[in-house]
Every structure is written in C-alpha cells, then in structure tokens.
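Have a look at the structure below, then the notes.
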Amino acid sequence: MIQGIGASSGIAIGKTFVLPNWEWDLPEQKIDVADLAREFDRLYEGIRTSKSEIEQMKDELREVVGTDESQIFDAHLAILDDPVFMNEIRGIIQRQYKAAEVAVKEAIDHFVTMFDLLDDDYMKERALDIKDVGNRLLKHLLGAPEITLPSDTQPFILVARELSPSQLANLNPNHVLGIVTYGGSTTSHSAIMARALGIPLVVGLESKLDSQTEPIQTGDMIIIDGGDGTVYLNPDEATIERYTALQKKQREDKQRLRRIAGIRPVTPDGKEVELAANISSLKELEVALGSGALGVGLFRTEFLYMDRIRFPHEDEQFDVYRSVAEKLEGRPLIIRTLDIGGDKQLDYFEIPEEDNPFLGYRAIRICLDRRDLFKTQLRAILRASHFGCVKIMYPLISSVEEVREANSVLAEAKMELDREGVPYDRQTQVGVMIEVPAAVHIADLLAEEVDFFSIGTNDLVQFTLAVDRMNEQISHMYEPFHPALLRMLKITVEAAKRAGIPVGVCGEMAGDLKALPIWLALDIDELSMSAHSILHVKERLLRTKQSASRELLPELLNCRTSREIHQLLQKFMEGVDKEQAASSGPEETA
C-alpha cells in the first residue's frame, strides 16, 4: 500500500495508463539577426492559436462542470497576456538570438523554478499553470501532436507526474475510472475540476514513495481510494474483493440516501434543523439542491475574485449572486463578504509579506481598509436581494466597532441605490461569523448589533488552540472536540438565544456526524456544510432525539479531555444505532 493524499472521494479499481512527461526536441543553433522578425511572428501566431484553443476548451468545459470551474482557464489566458512572462520570452529571443520555442522553454523553466522554491502551495500551483500554458505554446511552435490517451473504450486509471487543467479538460469522464498524480495538492485547479467531474483522485504520491517502491507502469492493476488517499499497486485478490465490496456499498449508500433527499430534517421528537450548503459556485448549488439543501448557509465569494487579472465589476458579481438567489426560489442565501488573505491570495492584489498571515491583513480588515472594493460587493449583494432571500455575513469579526463600520459602508451603498432608483430588499439581514475567541467573549454585545450568528468552527478551533492545522508538525493538535471549544460554543449560542437571534454553524464540524448531538443539545438553528455531507447528516438527524442529546450535554461539558468527549459521543451514537436497528428505517421515522 502507498499512502497518498485523498483529493476527490470515491474508489477506483482498474488498469493504469501512465501519461508520458512532456519532452521537447529543441534546436540548439542560434538564429540570425535577420530572422528576429520571423521568430516574433511565430511567437505571436503561437500565442493567438493557444488563446483560441483555451477559449474553446473553456466553452466546452462550461457545459460539463459549470461556469465557475471553467473560469480556471481565465488564469491561463492571463498568463499569455502577462507582460512579465512575455517580456522574458521576447528578451531571450532579442538579446540571445534564440528561436522562439527555446525562449519559451527557458522562460517556463525560469518561472517554474522560481515559484517551486517558494514555500507556498498557491504559488506552486501557479507554476503548474505556467508550465501548462507554456507547453501548449511550445506544441504550436514545434508542430508537435498532443499526448493522446488510449483510443479504445476500456476505462482506465490515469497516472501522471502532474496533471494540468488542460489535460484534465480533455478527459472523457466515462473512460477515466480515477486519477493518481505524484505531485499536486487538494487545492490545485486539477483537484477542483476532478471533484466537479466526480472522478476519484489521489495526489502527492511522490513524497510517500521509498527506494524500494516500484514505479507504476501502464497496464498495472491498482486500487485507489480518493477519500483517504490509499493506493494499492498490483493488489492481491483478497484486497480487490474487499474494495469491490466497499465500492458497491458506496453506490448502495448513495442510492439509499437519495430516498431521504425530500424529507424535512426533523428529529423524532420534533426539532427541525435547517440543513444548508456551503458553496462557491452554481455547480455546487445544483448538487446541494439535489441533496435536499434548504438553502445556502455560506456562499464563499472570494472564488469570484480568484484566477483572474482584475477585481470583478459590480455587474459581474450581481449576475452571479442573482443567479444563485433565483435558483434557490425563496430559500435563504447567506453571502459571506470577501474573505481573502491568509491562505487565499490574489495575483493582482499584492498583500505585503507577513510573519503571521492568518493573524494579519485579511477578510473584514481588507474590506474596511479598501472601502471601494467592499462597497462594490455590497451594492451587488443588495441588488441581488431583490431576487430572493439574500443575507449578508461579515467574516473574522472581533469587535463591535468592525460591525458598525461595515454597516456604515452598507448604509452608504443603500443610499446610492436609493438615489439611482435601483430596487433591493430593505429588510436584508446582516450577520457575523463567530470564528475568533474575542467574538465569543463579546457575543452578547455582537448579538445586539446583528440579525444572526454563524459559527465558523475551522478558524475558531485554530485560534482557540493556537494550532495551524496546515502545519504537519502540530496538525494532530487541531482538535475540534477540545473541552475549551465546547464551552465557547455554549457561550456563543446562549448569547444568541438571549438576544432572540438565530445561530448556525458553517465550519467543517457542521458536517461531522459525531458533532450532531452537540448541535441538537445547544439548539442550533442551522447547519451549513459541503453538499456531499447533507444527506449523511440528515439520515442521522432523523433518528437522533434532541431530548437525549440535551441529557448528554452536562456530561460532555464535565469532560476534562478530548478523548473523553470522543468516547461519550461514540457511545451515544452506538446507542442511537441500536435503537434504530430495533425499529423501522429513517424514512418511516421521519
């Protein structure tokens, strides 16, 4: 077994096709001065052809994975217009008298090496984008054919050193059982697209291999689990049978869960919890609605700002927000205002290098510093509120002053729209994310300023425990079920209830089945999670009594260690399962 990183869930079993690495036969001799004009003409023609291909690929992919994922190729188009990249190529041709293809290859190598040296996953992924675009340009300059995949219809598991979005866009999902890459990360463009296409993907195999491991060859039988990242090379029959059974069970579970998609999420003793979705695109919304989501509890708007060359205009944002609101047909849409900084950077907006970026210039702090950008987004959200039940949510709030300042910008946006005669919902609700300890301890004060709370458990755990979960040395200390966190959750919810405002949860804990008794005991109003978690949570909600969860809460709050909390929750869930086994199915229970 080889342990990689799961990047797109699902099990794939089959024979491999190993994608060859890009290899180019480049001319060694220099060009004459008289040939400079011809080389520039060849370069510009290659750029025009490459742009045309990328635009066509973007249009074709939009029909498969949706508009947002297809916009990945806007970043590729931006590279071909990037003056730094293009000046590097032109300079090599003009100063060193090298052929256009040689100049392109040297420029690719220069930037890829530079980005790979940076200890930044985002920049490493940009290096792959440059390589992808550069190889497309080289292909046209050299007249080289595309690397072709097997032409027969026998499905295969694709293995590659790295897989670019262009290569993934050309795959037929019906022929590709799964994908394994030696490099890559869960946040890469290719991983995002694989999840959208529903293809199991395991990445990061290279760092897990040792000198004794045989390289994967075309035709090898392998098993990959895109959930936990395991890869079995030439597995024995027992392992194949085990994973075939797991694969079959996954399919059966999906079919069983689909049957409860239309059932209201109500506990056996009558507590209804609004199960909503966290989304970043229209495609994710479609999946969420198919899973019975009752709304969107977190629309991550920063993805509208990424992989482009400038900030999105107001109309661009409005079109997206309106489309989501209309598709929800009156169900709530909570739009989180721009949350960049930390691990989310924009190519065209330079944030000064910081020693502690997660504690630095990010989220609401950027918005209040750049009111022009903030007001543009608020105007777009307000305009969209005319077309549905739209709510606004501010991230990373740590003081009452920040809420008031943000609301003053919102008031300015409303006055401008009034003057322009643009309709919007004058009752648009405003909420805040509770994700830093300061917000917890002034939750009673914040509750007097806003219409709702949403607890962002990801950052709340990180900041409460002072643990960077992306740091491999201490990631094991990132413990959502820490006694301190339970107490902070209790403080937050009680403050909201006293003020008479609803409170939801939109972090990863919202979709954690083990946490459900906590949410029921605290009387949480809404849980917002990944679309793929909704039916799993609903199934358990339909069989879990709120009264039993409330009886468990004092015991949980008396626990001194995370281990004790885990054990109590596990014992509780086992009891629920035993009770369910002795009665009818979840559909009848509902």
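A few remarks follow.
- Of the residues making up segment 26-57, those that are more than 23 Å from LEU163 (Cβ to Cβ) and out of contact with any Leu (no Cβ under 7 Å at 6 or more places or on another chain) number 20.
- When restricted to residues that are buried (at least 21 other Cβ atoms within 10 Å of the Cβ) and in a loop (DSSP other than H, G, I, E, B), segment 481-495 contains 1.
- Scan of segment 226-235 for residues that are surrounded by 14 or more Cβ atoms within 10 Å (Cβ to Cβ) and either among the basic types (Lys, Arg) or more than 17 Å from LYS15 (Cβ to Cβ) (or both), ordered by number: GLY226, GLY227, GLY229, THR230
- Residue in segment 297-304 that is charged (D, E, K, R), free of Cβ contacts under 8 Å to residues at least 60 places away in the same chain, surrounded by 21 or more Cβ atoms within 10 Å (Cβ to Cβ) and closer than 23 Å to PRO502 by Cβ present: no
- Residues in segment 347-368 include at least one that is surrounded by 20 or more Cβ atoms within 10 Å (Cβ to Cβ), closer than 29 Å to MET509 by Cβ and either modelled with pLDDT under 85 or of a type in the set (Lys, Arg) (or both).
- Hits in segment 198-213 (condition: out of contact with any helix residue (DSSP H, G or I) (no Cβ under 6 Å at 6 or more places or on another chain) and at pLDDT 70 or above): GLY198, ILE199, PRO200, VAL202, VAL203, GLY204, LEU205, GLU206
Yes or no, residue by residue, for (1) assigned by TED's automatic domain parsing to the domain that holds LEU460; (2) more than 22 Å from VAL436 (Cβ to Cβ); (3) among the acidic types (Asp, Glu):
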residue: GLY341; (1), (2), (3): yes, no, no
residue: GLN345; (1), (2), (3): yes, no, no
residue: PRO352; (1), (2), (3): yes, no, no
residue: LEU368; (1), (2), (3): yes, no, no
residue: ASP372; (1), (2), (3): yes, yes, yes
residue: THR376; (1), (2), (3): yes, yes, no
residue: LEU382; (1), (2), (3): yes, yes, no
residue: HIS386; (1), (2), (3): yes, yes, no
residue: LYS391; (1), (2), (3): yes, no, no
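- Long-range neighbours under 8 Å by Cβ, at least six apart or interchain, first residue closer than 13 Å to ILE216 by Cβ and among the aliphatic types (A, V, I, L, M) within segment 1-29, second exposed (fewer than 14 other Cβ atoms within 10 Å of the Cβ) and modelled with pLDDT of 85 or more: VAL18/GLN217; VAL18/THR218
- Residue tally, condition in a loop (DSSP other than H, G, I, E, B) and either free of Cβ contacts under 8 Å to residues at least 24 places away in the same chain or over 29 Å from the mean Cα position of the chain (by Cα) (or both), over segment 421-465: 10
- Spans of helices (runs of 4 or more DSSP H) in segment 500-590 with at least 3 residues within 26 Å of ALA447 (Cβ to Cβ): 516-522, 546-558
The values are calculated or read from the model by the stated rules, or taken from the named source; none is laboratory data. Since the model is a prediction, treat every value here as computed from it, not as a measurement. Reconstructed Cβ throughout: ideal geometry from the backbone, glycine too, with neighbour counts over all protein chains shown.
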